[in-house]
Amino acid sequence: MSAEIKQQSMPIKAGAGWKEIPWGGVIPQGGTARAFNVGGWRSEKPVWNREKCINCMMCWLYCPDMAIMVEDGKVAGVDYDHCKGCGICSSVCPPRVKAFEMVPEHE
Ligand code: SF4
Ligand code: SF4
């Protein structure tokens, strides 16, 4: 195995310095969003309305933090420990449905 491939397959540890992370900032592992609690970053939070949702799963597909919870193939809510409040779920929810509303985090 070449040195390049060895470095690209190294696990990334939380708090790693620049000499320890893979070249180019490449993230060789999948599913790393689960390893970090980003809920404290939010200034706005998505509030999901079960009654309006048609379970098209667009929010689940586009959420960058795997924060849309799913049970039995249907949306079940938001995992606020991993939701950073980016608002993508609200943006991709069909306009005629609008099952997500972004509200200020501290009201
Ligand atoms: S606000 Fe962003 S991080 Fe939170 S659930 Fe929606 S898409 Fe995911
Ligand atoms: S994008 Fe909207 S309608 Fe589609 S599953 Fe998510 S909340 Fe439900």
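Considering region 32-53, and only residues there that are without any contact (Cβ under 8 Å) to a residue 60 or more places away in the chain and assigned to a loop (DSSP other than H, G, I, E, B), the residue that is farthest from ligand 1 (Cβ to nearest atom) turns out to be 51. Summed over region 56-76, the residues that are surrounded by 13 or more Cβ atoms within 10 Å (Cβ to Cβ), assigned to a loop (DSSP other than H, G, I, E, B) and more than 9 Å from ligand 1 (Cβ to nearest atom) give a count of 2.
Matching residues to (1) over 19 Å from residue 36 (Cα atoms); (2) touching a His at 6+ places or on another chain (Cβ under 8 Å):
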residue: 62; (1), (2): no, no
residue: 65; (1), (2): no, yes
residue: 69; (1), (2): no, no
residue: 72; (1), (2): yes, no
residue: 80; (1), (2): no, no
residue: 87; (1), (2): no, no
residue: 97; (1), (2): yes, no
residue: 100; (1), (2): yes, no
residue: 103; (1), (2): yes, no
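Picking from residues in region 69-100 that are under 17 Å from residue 56 (Cβ atoms) and acidic (Asp, Glu), the one that is farthest from the chain's Cα centre (by Cα) is 72. Can you tell me which residue in region 51-66 is farthest from the chain's Cα centre (by Cα), limited to those that are within 12 Å of ligand 2 (Cβ to nearest atom) and within 20 Å of residue 105 (Cα to Cα)? Residue satisfying both the conditions and the ranking: 59. Being within 12 Å of ligand 1 (Cβ to nearest atom), touching a Pro at 6+ places or on another chain (Cβ under 8 Å) and under 18 Å from residue 31 (Cβ atoms) is not true of residue 89.
Throughout, read-outs are computed from the coordinates displayed, never taken from laboratory work. What you see is a predicted model, and the numbers here were worked out from it, not measured in a lab. We place every Cβ from the backbone using ideal geometry, glycine too, and count neighbours over all the protein chains shown.
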